[in-house]
Each structure stands twice: as C-alpha cells, then as structure tokens.
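What follows is a single structure, written as structure tokens, with notes after it.
Please treat every number below as a calculation from the coordinates, not as lab data. What you see is a predicted model; the values in this text were computed from it and never measured. Virtual Cβ from ideal backbone geometry, glycine too; neighbours counted across all protein chains shown.
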Amino acid sequence: MKIKNREIAYDGYFKMYKLTLEQKGNTFTREQYDRGEAVAALVYDTQKKEYILTKQFRIGSESELIEIVAGIIDEGEDPQESLKREIEEEIGYEVDKLEYITTFYSSPGGSSEKVYLYYAEVSHKHAEGGGNSGENEHIEVLHYKPEELKELQTPDAKTIIAQQWVRLHKPQG
C-alpha cells in the first residue's frame, strides 16, 4: 500500500484528511481522522490507597464516561510533561512517580490517534481539578478502591487496558 496524495478535507477542532492510495495497481481514496497524540494515566493515590478516575461527557460516545485521566499532547510537549499537566488540570494532583505502560493506536482503521499510557502515583492534592474551564471541561473526580477498580465496567478502551495492566502487575491493589 502506498499513499499517493494527502489533502485536508476538513480543518476544524480536529482535521480530516482525504488520502489517495495505491495497492496492487488499484487507486482509491480513504478518509483519515487526525486526532494527534494523546496521553493517559491510571492514577493511584499512595496515601489514600485508591485510584482516581474521571467522569465527563465525551463527544464520540455522546455520553458521560468514567475513564482514566487523559488528554491531547500540546505542540512542543513531551508525553510526560503533557501528562503531568493533564493530571493537575483534571484531578488537582502533583505527580510523584510515572511508569510507562505502553503506546497504542485507539482506532487505527480510520484515526491517527496514538495514546501513550502510564501508571502514575500521587500523594499531594494542591489544586481543585475538574478540568480546564477554557476548554469547556467539566470533570467529576471519582475515587475507587483497588477491588472497585477491578469491578468497574466501562466501554472506554484506555481504561480497560489500564484495568488489565493492574490485574497483571498490581494484583494486591
């Protein structure tokens, strides 16, 4: 498969590209939703011995979702720097420790979004959290004991991946 041409089909909050592709002598077009790169973290409060998740409205699902802390990497930021900013904005904590888990594409059939997933430990809340009002974020902060996290049902892929990581790497919580 070879990309022969890429043009912007839509340029708004996100971008949509129209790609012209060639494969085995056939030329055809596909759209690519450009979400950029994102970060996400399963956050654990080492003082309270609980995980901190968020609940917010997500446009893709058209519903409120319970999920781990996540956000888009701003231009010029590295993933860890971006993640520390997101943790502070969303839940109000300073990060004590970050542990890289994996990087994955959220929906590679049509989206370019790449997600850097981490485990974060925190112990000091120094801000309110709740999101960035300038970005129209209204985030509810939720707390889960380790056994509650394991039982949490969510349709959010990054949170499901983090739950599985906990089962494999933090069996005691």
Where does the chain land at 222 nm, in deg cm²/dmol rounded to the nearest 500, when only DSSP H runs of n ≥ 4 count, each adding -39500 (n - 2.57), divided by all residues?
-5500 deg cm²/dmol
State, in angstrom, two size descriptors of region 30-156 derived from its alpha carbons: Rg to one decimal place and Dmax to the nearest whole number.
14.4, 49
To the nearest 10 degrees, the tilt of helix 79-91 (Cα long axis) against the first principal axis of the alpha carbons of the chain is 60
Evaluate E = 1/(1 + (r/R0)^6) for LYS2 and SER107, where r is the Cβ-Cβ distance and R0 equals 22 Å; express this FRET efficiency to the nearest 0.05.
0.50
Count of lysine pairs, region 36-169, Cα-Cα under 13 Å, sep. 8 or more residues or interchain, comes to 6
Summing +1 for each Lys or Arg and -1 for each Asp or Glu, what net charge is found among the other residues whose Cβ lies under 14 Å from the Cβ of HIS126?
-4
Given contacts defined as C-alpha pairs under 8 Å and at least six residues apart, what's the relative contact order of region 5-79, whole-number percent?
21
Measuring from the longest principal axis of the C-alpha atoms of the chain, the long axis of helix 157-169 (C-alpha) lies at a number of degrees, nearest 10, equal to 50
Note, ILE68: beta-carbon cut-off 9 Å, +1 each Lys/Arg, -1 each Asp/Glu, net -1
